[in-house]
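The values are calculated or read from the model by the stated rules, or taken from the named source; none is laboratory data. The shown structure was predicted, so the numbers you read here are calculated from the model rather than taken from an experiment. Every residue, glycine among them, receives a Cβ derived from its backbone with ideal geometry; neighbour counts consider all protein chains shown. To get the accessible areas, we keep the full protein, side chains included, count just its heavy atoms, and leave off ligands, DNA and RNA. Shrake-Rupley method; radii C 1.70, N 1.55, O 1.52, S 1.80 Å.
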Amino acid sequence: MEKMSKKIKDSPVVQTAKTNIFFRDFLAFLRLLEKRPLELTQTGTGNLKVKEIRVLGKLFKHDIYHRDEKGEVMFQPRTEDEFRYIMVIRQLAQVMYLVYKRKGKLFLSKNGKGYLNNIDEKTQYEQMILWYFHRANWAYVHPRAEVVEKIQENQEQIWAYLLRASDWIKFSQFAKSLSLVLKLSIKDIYGQEMPESVRWAIESILVENLEELGLVESKKRKSKYGSQRTYLFRPTATGRIIFKKALEPF
């Protein structure tokens, strides 16, 4: 029994659950709701009020703001729609039935209280990821919805491919192959193909988002436009465990 307990404590998933910023912020969001409901705007959008965005900005480990070179906030919050990070956390909490709205406020549900207090962090983390895979809408905050939806629909093929990889994956080759296999296409107003936009959508969803969740790691280098772009990536130890679970019935 003692050996089994030590094995669980040493699990990569346990270690990721302790250190992954997105997961810690997800829990912090729910813990705040456990203390009090969050106020929503009365405009019909159901967005959080600006004062609540500011509270979350101070609470989260992740910096939700755009800052200048001096570290000063460039734009003061006006609407929740400007904060992808908050929107993703809220959508996850919603599809997991951890929260509900009533009379212009967002409350922690009975399921939410059970999630926080009745299961261990390893299970909490795994459940958050699996609900993100199978129930969240990946295109919800992504401008290339048509490509992202097709990627999500075919996620099992992608997880199986990542599990077969024994070393770093060359992202350019991966993106090109995925585009061909899934027939991913983005065209401009003149009907011309925009492969770079497809590549960006794949990088955003399958590298940056998964990296934020602790499931992949990447190597980046500066592009000719000055931005950091992925050229190699691979699943983390935690990613391999989660991708296997994601291939099981949900």
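Filter segment 205-240 down to residues that are buried (at least 19 other Cβ atoms within 10 Å of the Cβ), among the small types (Gly, Ala, Ser) and touching a residue at least 60 places away in the same chain (Cβ under 8 Å), then give me how many there are.
Qualifying residue count for the region: 2.
Is it the case, given these coordinates, that residue 196 is in contact (Cβ under 8 Å) with a residue 24 or more places away in the chain, in a helix (DSSP H, G or I) and not polar (S, T, N, Q)?
Details: in contact (Cβ under 8 Å) with a residue 24 or more places away in the chain: no; in a helix (DSSP H, G or I): yes; not polar (S, T, N, Q): yes.
No: the conditions fail for residue 196.
From the list 229, 234, which one is more than 23 Å from residue 18 (Cα to Cα) and part of a strand (DSSP E or B)? If you could, list the steps in order and put the result at the bottom.
On the way: 234 fails: more than 23 Å from residue 18 (Cα to Cα).
Every option except 229 fails the conditions.
Here's a check for you: in segment 3-20, which residue that is modelled with pLDDT of 95 or more and either among the basic types (Lys, Arg) or surrounded by fewer than 14 Cβ atoms within 10 Å (Cβ to Cβ) (or both) is nearest to residue 123 (Cα to Cα)? Give the steps one after another, and end with the answer.
First pass over segment 3-20, keeping only residues modelled with pLDDT of 95 or more: 12-20.
With the extra rule that they be either among the basic types (Lys, Arg) or surrounded by fewer than 14 Cβ atoms within 10 Å (Cβ to Cβ) (or both), the set shrinks to 18-19.
Details: 18: 12, 19: 15 Å.
The qualifying residue nearest to residue 123 (Cα to Cα) is 18.
Do you know which residues across segment 31-47 are over 22 Å from residue 113 (Cβ atoms) and out of contact with any helix residue (DSSP H, G or I) (no Cβ under 6 Å at 6 or more places or on another chain)? Let's see the steps before the verdict.
Of segment 31-47, the ones over 22 Å from residue 113 (Cβ atoms) are 41-45, 47.
Residues satisfying the conditions are 41, 42, 43, 44, 45.
Quickly run through segment 177-204 and pick out the residues that are acidic (Asp, Glu) and open to solvent by 20 Å² or more (accessible area, probe 1.4 Å).
Here is the first cut: in segment 177-204, the ones acidic (Asp, Glu) are 188, 193, 196, 203.
The answer is 188, 193, 196.
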